[in-house]
Amino acid sequence: MKIKVKLIGPLIYEAGFSEKDIEVPAGTTADALLDLIAIPKQRPKIMTRNGKAVAPQELLQDGDKISVSPIYSGG
Amino acid sequence: MYGWTGNILRVNLTNKTFKKESFGEEFAHKWVGGRGFAVKILYDEVKPGTDPLGPDNKFIAALGPIAGIPAPNTGKCVVAAKSPLTGFYGDGNLGTRVSEHLRKAGYDALIVEGKADRPTMLYIQDDKVEFLPADEVWGQGTYATNDWIYGKYGVGVGVLNIGQGGENMNRYAVVRSLEGRAGGRPGMGAVMGSKLLKAIVVKGTHPIPQADPKAMKALGTGDLKKVHEIDLETGWSKQSTTGVLSFCNEVAGLPVRNFRKTQHPESWKIDGERLNEARVATYGCPNCTMRCGITIHDREGRESELDYENIGLLGANLEIFDLAQVGCLNYLCDEYGLDTMSTGCVLSFYADAIDHGATSGDFRFGDAERAKHLIRMAAHREGKVGNLLADGSLRMARAFGHSSEAYAMQVKGLEVAAYNCKFIPGQALAFGVAPIGAHHREAWIITYEIKHTTRESYGPEKAAKVIELQRIRGGMFEFLVACRFPWIELGWGLDNYPKYFNTVTSLNWTLDDMWNTADRIYSMIKLNYLREYPNTTRNADYPPAVWFDPSNADKEGPIAGKVLEVDKYDSLLQHYYDLRGYDNRGIPTKATLKQLGLDQEAAQAERFATLT
């Protein structure tokens with residue numbers, strides 16, 4: 001299935017892209033997606049699916065837009 | 001007494017006199033410094049009803065025990081006065097060498113009173129104070145003024161100055177320093193302008209008194225290096241605060257079109273990635289390794305220093321998605337010495353009011369050229385429109401009528417920072433109860449709300465989180481006087497700060513002592529507010545009405561169909577009051593004030609208003 005991934009802030013430079021579509025196998029969780037895009041799981045972050053928070057073990061769905069952001073604190 | 005110089009410098013511009021006044025341990029331990037000193041001094045010395053732009057208002061620059069000490073990130077100074085924008089206590093902080101120099105000159109705070117008879121620059125060097133003519137730079141912007149000062153005294157001195165905005169008493173004029181620093185959103189620059197005070201220059205030559213300077217130097221410089229290493233490791237400085245724009249756009253929290261929309265497909269054109277690509281230089285404050293000021297060349301080829309609030313409110317909120325043009329608007333605000341956040345909200349409100357027929361005019365969202373013109377008019381109070389814009393969005397709304405106050409994006413008169421809380425209840429509360437008006441400095445809980453709670457919740461956990469953050473952000477960092485960024489952006493431990501404080505003072509404070517002091521200072525701001533607004537109600541702690549308006553709900557996206565709910569917001573507000581020990585108007589109760597050691601201040605307040 002196809003997932004759109006958007007990285008935010010310094011994660012862009014860590015993973016080498018800011019936004020792209022990637023193919024993932026059915027049954028991929030939000031947490032497992034991080035391995036596919038080379039973002040260390042222990043890095044503090046917030047992941048959203050279509051603008052809403054997504055938990056690590058949630059299964060992704062075809063067409064999801066996943067964003068991965070550092071934990072910003074609003075300046 | 002270590003850690004404090006024990007002195008305050010009082011300068012009277014009317015009489016051209018000055019004196020060094022000392023304070024003792026009791027005052028130092030109760031108010032600590034920075035915001036604590038400022039709120040106490042203004043409460044005691046500026047009577048309710050005083051004209052904020054008259055000679056009886058006082059301008060304060062205040063520092064804390066770790067200000068100016070080599071440690072993360074201590075190059076900040078609090079500036080405060082009765083606000084011409086909100087009508088009660090207002091303040092802000094900015095990065096400046098004044099933090100180090102005023103302390104080295106032998107003072108923890110400066111009080112400026114009266115009014116000069118001509119444009120004046122104060123020059124303070126240790127025990128010497130000079131009242132110098134500043135006619136040469138009156139009418140000039142902050143960059144030219146800064147250069148003029150550096151030309152006289154060299155680049156190493158501490159400087160606070162104003163631009164044309166402050167001179168013309170634009171109500172959201174700020175104080176500026178160094179090349180890109182600004183502070184005092186609620187019109188602290190206008191207060192300087194009202195006193196014909198163009199600039200304050202400080203040079204200090206003595207060591208800052210500390211209990212154990214050697215230990216502090218080793219601790220502080222070591223920690224500066226560690227903070228720098230964390231920054232390099234996480235890459236935060238690649239985009240600094242500007243990465244927040246993409247996050248806000250993803251979660252429908254971006255201000256677009258006077259906060260009517262929460263996302264925009266073109267927002268990527270002004271985001272942190274584009275800014276980093278366009279970067280021509282990076283600036284920071286003294287004693288800081290994080291250097292969050294990213295400059296780009298604006299459309300006119302000038303260097304313009306941008307952060308998230310600038311691109312959010314002068315870009316997305318005005319629907320201007322051209323980074324070089326946003327750079328121009330930001331440059332003009334910096335040059336004229338206007339708060340970029342209030343300017344963005346004032347212009348967006350003006351465009352929205354025209355759209356909704358509340359007033360007539362030729363300004364439309366997306367019109368960068370007209371926006372530049374309007375900023376100049378607001379800074380110089382040119383004509384009817386310039387005067388209107390210079391007074392801020394609440395006064396504009398009252399002049400326009402037609403229920404436009406509902407979409408004037410402000411709380412207590414201070415414009416909202418760049419977070420669209422149409423459906424972010426906890427952050428809406430943070431703006432509502434921010435003690436000086438809708439400042440993001442006091443508490444910012446958006447990622448907490450989205451990651452650790454449900455966005456729909458109006459539960460007490462959100463009120464508790466707002467208080468926790470107020471104690472840290474609006475409290476400890478503002479009275480010790482240091483930048484919050486190492487902690488908020490890099491996770492630098494909070495327990496480091498009592499360590500710094502104890503090393504310079506030889507005291508043994510814990511974080512709980514810090515929170516107690518923070519609560520005392522917040523209560524003092526509330527008393528200051530109450531004296532000016534004795535008939536206040538809890539409605540003053542509500543965010544703009546448009547966030548509750550179902551017809552303003554997003555049509556699509558993550559919060560489609562949702563807005564804040566009045567009843568639920570009110571219950572969230574009540575949770576906050578209950579946890580704080582405030583009454584149902586949002587004012588500390590007598591019992592709370594007593595617990596915080598504010599009996600005397602409470603008795604003084606009761607001469608003007610009722611306490612419960």
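Restricting attention to helices (runs of 4 or more DSSP H) lying wholly within segment B:481-555, give those where 3 or more residues are over 22 Å from the mean Cα position of the chain (by Cα).
Filter on segment B:481-555 gives B:496-505, B:511-532.
A count restricted to segment B:555-580 and to residues that are within 14 Å of chain A (Cβ to nearest Cβ), of a type in the set (D, E, K, R) and in contact (Cβ under 8 Å) with a residue 60 or more places away in the chain stands at 1. Go through segment B:581-602 residue by residue and tally those that are closer than 18 Å to B:Val466 by Cβ, without any contact (Cβ under 8 Å) to a residue 24 or more places away in the chain and part of a helix (DSSP H, G or I). The number of residues fulfilling the criteria is 0.
Looking for whichever is in contact with a strand residue (DSSP E or B) (Cβ under 8 Å, 6 or more places away or on another chain), crowded, with 22+ Cβ neighbours inside 10 Å and in a helix (DSSP H, G or I) here; the options are B:Val201, B:Val244, B:Val191. Which one fits?
Values: B:Val201 fails: in a helix (DSSP H, G or I); B:Val244 fails: in contact with a strand residue (DSSP E or B) (Cβ under 8 Å, 6 or more places away or on another chain).
Result: B:Val191 is the single residue among B:Val201, B:Val244, B:Val191 that is in contact with a strand residue (DSSP E or B) (Cβ under 8 Å, 6 or more places away or on another chain), crowded, with 22+ Cβ neighbours inside 10 Å and in a helix (DSSP H, G or I).
For the subset of segment B:394-424 comprising residues that are among the charged types (D, E, K, R) and assigned to a helix (DSSP H, G or I), which member is surrounded by the fewest Cβ atoms within 10 Å (Cβ to Cβ)?
Filtering segment B:394-424 down to residues among the charged types (D, E, K, R) leaves B:395, B:398, B:405, B:412, B:415, B:422.
Next cut, assigned to a helix (DSSP H, G or I) only: B:395, B:398, B:405.
On the way: B:Arg395: 19, B:Arg398: 12, B:Glu405: 19.
Here the answer is B:Arg398.
Is it the case that B:Glu300 is in contact with a Lys or Arg (Cβ under 8 Å, 6 or more places away or on another chain) and charged (D, E, K, R)?
Numbers: in contact with a Lys or Arg (Cβ under 8 Å, 6 or more places away or on another chain): no; charged (D, E, K, R): yes.
In short, no.
All conditions but one from (1) out of contact with any Leu (no Cβ under 7 Å at 6 or more places or on another chain); (2) within 27 Å of B:Ala144 (Cα to Cα); (3) surrounded by fewer than 20 Cβ atoms within 10 Å (Cβ to Cβ); (4) not aromatic (Phe, Trp, Tyr) apply to B:Glu335; the one that does not is (3). Tell me, please, whether a residue that is surrounded by fewer than 15 Cβ atoms within 10 Å (Cβ to Cβ) and either touching a residue at least 12 places away in the same chain (Cβ under 8 Å) or more than 23 Å from the chain's Cα centre (by Cα) (or both) can be found in segment B:48-64. Looking for residues that are surrounded by fewer than 15 Cβ atoms within 10 Å (Cβ to Cβ) and either touching a residue at least 12 places away in the same chain (Cβ under 8 Å) or more than 23 Å from the chain's Cα centre (by Cα) (or both), one finds at least one in segment B:48-64, hence yes.
Do any residues in segment B:427-447 that are more than 14 Å from B:Gly475 (Cβ to Cβ) have Cβ atoms under 8 Å from those of residues that are of a type in the set (Asp, Glu) and in a helix (DSSP H, G or I), where the two are at least six apart or on different chains, and which pairs are they? Sorted first by the residue in segment B:427-447, then by its partner, the pairs are B:Gln427/B:Glu449; B:Gly432/B:Asp541; B:His440/B:Glu309. So in segment A:39-66, with the set limited to residues that are surrounded by 14 or more Cβ atoms within 10 Å (Cβ to Cβ) and among the charged types (D, E, K, R), which one is nearest to the other protein chains (Cβ to nearest Cβ)? Restricting to residues being surrounded by 14 or more Cβ atoms within 10 Å (Cβ to Cβ) and among the charged types (D, E, K, R), the top hit is A:Lys52.
Among the residues of segment B:565-591, those identified as hydrophobic (A, V, I, L, M, F, W, C) and buried (at least 19 other Cβ atoms within 10 Å of the Cβ) are B:Leu572, B:Leu573, B:Ile587.
Every number here is computed from the coordinates shown, using simple stated rules; none is lab data. Being a predicted model, the structure only gives us computed values, none of them experimental. Here Cβ is always computed from backbone atoms with ideal geometry, including for glycine, and neighbour counts include all displayed protein chains.
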